[in-house]
Structures are given as C-alpha cells and as structure tokens.
1. Fewest first, what order do B:Ser66, B:Ser146 take by the number of other Cβ atoms within 10 Å?
2. Give the order of B:Asp61, B:Asp6 when sorted by the count of other beta carbons within 10 angstrom, beginning with the fewest.
3. Can you compute the equivalent ellipsoid semi-axes for the protein assembly as shown, i.e. the square root of 5 times each eigenvalue of the Cα gyration tensor, sorted largest first and rounded to whole Å?
4. Between 0 and 90 degrees, rounded to the nearest ten: what's the tilt of helix A:210-225 against the longest Cα principal axis of chain A?
5. Using 5 Å bins from zero, what percent of all Cα-Cα pairs in segment A:200-248 falls into each bin?
6. Count, for each residue of B:268-276, the Cβ atoms from other chains sitting within 10 Å of its Cβ, then give me the mean as a whole number.
7. Pairwise over distinct Cα atoms, reciprocal of the mean inverse distance: report the Kirkwood radius of segment A:41-99 in Å, one decimal place.
8. Quickly rank B:230-239, A:71-80 as a protection proxy: mean count of other C-beta atoms within 10 Å, highest first.
Amino acid sequence: MTNTGLATPASLPTEVAALRPIRADLMERLRHEALTVPGNWVVEYGDYQNGGWHTLSLLNDTGNPRDVTIRDCPEPVATSLLTRMPAVRELLAELGLRCMWARLARLEAGAFLWEHRDYGELNDVERHRVHVPLVTNSSAYLILGGTKVHMSDGRVWRLTPTSPHGVCNRFGPARIHLVIDCYADDAFTALNASADSVADSVAALPTPAADELEEHVATASGLAQLGYDRAAETTLLELFYRYALPEGQVYDLIALMYAALHRDEDAERWRSKKAIMLGHA
Amino acid sequence: MSTLLDTVAAANLPHQFELLEKSVEVLSHSPAVQSLHVRGSLAAGTADRLSDLDFIVAVHDPSFASFIQVADALMTAELGAVLPGWRDTIVAQMGGLGYVYLVADGRKLYQVDLYIVPVSRLDTVLARTTAMPVYLADGATSRPHSHVDWVINSTLERPHTPSELLVEILVIGHMIRKRIARGQRFIAYAEMFALHTAVKNLIKAVLAPGSSFYGWYQLPEEVGSTPIGRQCLADLERLITGNAVPTGGDLAAALSTALTVAERAAPTILEPLRPAIDAYWHYLEFA
C-alpha cells in the first residue's frame with residue numbers, strides 16, 4: 001500500500017481527554033488576558049525543547065511568576081501575575097481543582113518540546129495535568145502514541161504526561177495554554193467525567209516506509225557533514241511529529257547517525273539524552 | 001548624547017535585523033560556507049520594515065551539491081521556514097541557484113532569499129550586483145569543481161513540479177502583499193501576472209503534463225476537454241479578468257481561487273501543506 005505520508009482520522013488515546021467546554025464570554029476574556037497581560041516569559045527545561053517554549057507561573061509556592069521549575073506544592077499561592085488576570089482566577093475557581101501548580105505556557109512559531117515523559121522527579125502521588133488552550137492554531141499539536149491531537153480552544157483538556165509525548169507549533173502564530181497540575185480529588189474526578197468526543201482534533205500518524213526514514217537520515221547526515229549539527233538533530237527529532245514511531249526511535253536515529261559518522265562521543269551523548277528524556281535514567 | 005541616540009536607534013531597528021543576525025549565525029556555521037553577502041535594498045541602504053533578506057551564500061565548490069540538497073532542511077530546522085524553498089525564476093541568472101523562503105518570525109512572515117553560488121563563481125556574481133559582505137571566513141578560495149555545472153544546469157532545466165508551483169503561487173502572493181502595502185502599483189501589476197502564470201503552469205503541470213505547447217498557447221484544446229479542465233480554465237479566466245493592479249481584497253480573492261484550482265486539480269499536493277497555508281493566511285493579514 002502506498003504511504004501517503006498523511007495523518008488519518010483516529011480516536012483519542014486514553015492519555016488525552018477532551019473535557020467540559022468553557023463559556024464563550026469567559027473564553028474571550030481569557031484569550032484577551034493571555035495576549036495582553038503576561039510579559040518577561042521564562043525559558044526553562046532547555047534540554048527538552050528547541051528554545052521557543054516559554055512559561056510563567058500563576059500558582060506556585062513562592063508567588064514569583066518567573067519561578068517556573070515545577071515541584072510538589074500542596075498549598076500553592078497566587079503569583080503576582082495571577083493577581084492581574086481576573087478571568088483566569090474565575091476559571092480556576094470554577095474548576096475547583098486541588099492545584100499543585102498552574103502556569104501559562106507559550107509555544108512560539110517553529111517551537112518543539114521533544115519526545116519526553118513528565119513527573120519523573122516528583123513525589124509518587126496521583127496527579128493530573130489539565131490544559132486550557134487560550135490561543136492556538138491548526139499547526140500546534142500534541143503527539144502521543146503515534147497520534148496527533150490538536151487541543152482546540154473553548155474547552156478543558158486532560159493529559160497524562162507520564163506517557164512519552166511531545167508538543168509542537170510548526171508555523172505559528174504563538175500558542176498559549178493554561179497548564180494546571182493538580183492532585184487527584186473529587187473535583188478532578190468530576191471534571192474528568194465530562195469527557196467529550198472531538199473527532200476533528202485527532203489523527204493517526206503514518207508509519208514510515210524504511211526508505212523514507214533512510215532519506216531523512218541521509219538529509220540529517222548531510223547537514224551534520226556540513227557542520228550543521230543542530231539542524232541535523234532537529235531534522236530527526238521532528239520525525240516524531242510526522243510519523244508513528246516506537247518510543248525513543250528519534251533519539252536512536254540521531255545516535256546511529258553520529259555513529260555512522262564515527263562521532264562516537266556524540267552518539268553516546270544522545271543515548272544518554274534518550275534515557276533522561278524518557279525517564280529511564 | 002550619541003549613546004542615548006544609539007539606544008533609541010537600537011530600540012527602533014526593523015525586526016528583520018534580528019532575523020538577519022540569526023540567519024548569518026545559522027548559515028555561517030558550516031565550514032563549507034566561505035562568505036555571506038546581503039544584496040538588494042539592505043545593500044543599497046533603502047530597506048524598510050517590509051524588506052526581504054537577500055543573501056548571496058558562497059559555498060566551496062566541492063560542497064555545493066550537498067548544500068543545495070540540505071538547504072530546505074536547514075532553513076526549516078533553524079529559521080522556521082513555513083514552506084519549502086521556491087526555486088526563484090525571477091532572479092537574474094548569475095551563476096548559482098536562487099531560492100526564496102517564507103520565514104515566520106514574531107507576528108510576521110519574512111521573505112528570505114538565498115542565492116547560493118559556488119565560491120569559484122562568486123567574483124562573477126559580485127560584479128553583477130550591489131552587495132555588502134556580512135560574513136567572510138578565513139581560508140583559500142575554491143577551485144572549480146566539474147560537478148557544479150551539472151548541478152546548476154540540471155536544476156535550472158528541470159520543470160517545476162505541481163507542489164513547487166503551489167509554493168511559487170504562495171511566495172508571489174506574499175510579494176504582492178508587500179507591493180500593495182508600499183503602493184508599488186507597477187510591480188504589483190507585474191507580479192500579479194506572474195501569479196496568474198504560476199496558476200496556469202500548475203494547471204498544465206497537473207492536467208497536461210506532456211504539453212509541448214509554449215506558455216498560454218492551446219490551453220482550451222489541451223486542458224478544456226474534460227469537466228475538471230473546464231472548471232480550472234474558468235477559474236483562470238476569472239483570475240485574469242480581475243483588476244490588473246490588485247488591492248488587498250483582489251489578492252486574497254486571487255489566492256483563494258488559486259487554492260481552489262489546486263484543490264480541484266491536485267488535492268494530494270495541497271493536503272500536506274494545509275497547516276502551512278493556514279499559517280500563511282494568518283500572517284498575510286498581519287503583513
């Protein structure tokens with residue numbers, strides 16, 4: 001069968017759920033706040049991204065919006081940013097979740113969060129991640145288990161980030177999400193029970209033919225041979241967003257590319273990075 | 001005093017200068033790149049906030065073919081090119097290969113032109129255009145490499161594929177948007193004709209790929225014998241009978257018609273580009 005290289009309709013993986021809608025009037029105010037209030041965004045988790053993922057905290061244990069490295073935080077306080085965002089406060093109150101941390105996450109045009117697992121460094125308690133897309137576009141999507149999910153705005157989404165996943169905003173404009181990490185409680189259970197179907201937002205990625213992968217590796221290898229290492233690595237990391245691939249294969253491809261170029265230290269560096277990104281270290 | 005003025009000047013630098021710095025940093029990262037020059041309005045001192053970044057990239061002859069092969073991947077991975085490079089058929093033939101990229105940066109889409117030239121021909125190119133160096137590597141010049149001629153000639157002789165013609169339409173649309181914003185009516189007229197020609201070429205490439213007729217000749221005979229061909233020609237007719245000097249509305253309508261033609265005649269080339277085209281529309285509104 002010919003591989004068209006296109007995604008096909010699919011159902012949501014169990015790690016993602018489209019939950020209750022948000023009132024249109026509140027949604028408009030949320031969007032307005034997201035586009036006008038935040039500034040001085042912070043780039044954190046640099047190893048996990050290509051530089052275009054910025055965050056600011058709304059709820060944390062210091063009240064400082066630029067303190068964005070998440071950790072367990074049973075009794076978070078509002079940051080100075082949240083005090084200037086009444087619509088976000090209204091939504092948080094409506095949801096009534098037992099929050100651990102809440103952030104705004106801004107993904108610029110061309111930005112990628114590479115394939116990874118979250119929560120590995122946190123305590124072993126049940127927690128969940130809730131996304132509220134505030135500003136988005138059709139080229140911004142989440143990849144999980146070979147499935148592409150565009151988190152459309154106007155509703156709340158749940159993500160289980162302990163499975164390997166990645167996020168991109170290929171062409172922009174910037175995507176802004178409210179991201180809430182919360183502990184399990186009745187409010188979360190009720191929210192999670194509001195799951196809805198969103199067929200338009202989900203597509204299965206194609207499985208690559210062997211010669212397609214070889215072609216991509218050849219392009220990346222050509223870039224590396226010319227001295228464009230970062231572009232070579234990016235070219236292979238991006239395959240996670242184009243094809244349904246086994247866990248960690250993009251990291252293996254980079255290590256194999258460097259091994260073929262007799263750059264053993266670089267190959268080893270990427271083997272180690274794979275273990276860190278996927279929580280195997 | 002001058003420090004204060006410098007601060008004000010720096011704060012008001014056109015956004016392209018950030019992209020210029022980033023592009024120079026990216027492109028010069030390879031030892032295969034001997035030099036980078038800017039040409040066009042940047043070199044002439046007439047740049048404005050809508051100006052392209054127009055580079056001459058001199059690549060050592062033995063690496064020229066490899067560089068051409070990975071240029072799209074490099075521009076996508078490092079500079080966020082929204083579409084594959086369009087092999088520029090407007091730029092003068094100066095001894096290399098020209099590609100046009102649309103790069104999303106901030107809230108705008110910028111045109112970045114790369115004229116990629118083997119080092120052995122750089123002097124010839126510089127003699128034919130006004131250019132300013134922005135990066136010069138240490139080291140010797142290249143000796144001519146016989147493979148370079150073949151790469152350039154075979155690339156220039158190869159007709160554009162339908163997918164490349166669709167990219168051409170979008171790139172020219174972006175150029176026209178800039179002309180309209182500047183009030184450059186004569187150039188807008190000329191580029192609108194180029195857009196119509198690209199749509200005609202797309203129709204021919206898909207529906208009459210073996211055509212031996214030149215340009216606009218024999219279109220009804222070759223294309224118009226089927227319902228889909230007649231629909232495409234009706235769309236083309238609508239395009240060419242629109243305003244000769246386009247407004248923003250005319251341009252949007254023309255691009256919509258061009259995409260309708262592509263969807264009808266070659267949906268498989270349109271589908272993979274849909275997210276990029278969505279973004280393109282967004283940026284065009286902000287241009």
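Where a number appears in this text, it was derived from the coordinates with a stated rule and is not lab data. Bear in mind the structure is a predicted one, so any value in this text is a computation, not a measurement. Using ideal geometry, Cβ is built from the backbone for each residue, glycine included, and neighbour counts are taken over all protein chains shown.
1. Numbers: B:Ser66 17, B:Ser146 7.
By the 10 Å Cβ count, ascending, the order reads B:Ser146, B:Ser66.
2. Sorted ascending by nearby Cβ count, the order is B:Asp6, B:Asp61.
3. Values: eigenvalues 348, 166, 131 Å².
For the protein assembly as shown, the ellipsoid semi-axes come out as 42, 29, 26 Å.
4. So the inclination is approximately 90 degrees.
5. 5, 20, 26, 21, 15, 8, 4, 1, 0
6. On the way: counts 3, 0, 0, 4, 5, 0, 3, 8, 4.
Mean partner-chain Cβ count within 10 Å for B:268-276: 3.
7. Working: mean 1/r = 0.0807 Å⁻¹.
For segment A:41-99, inverting the mean 1/r across all distinct Cα pairs yields 12.4 Å.
8. B:230-239, A:71-80
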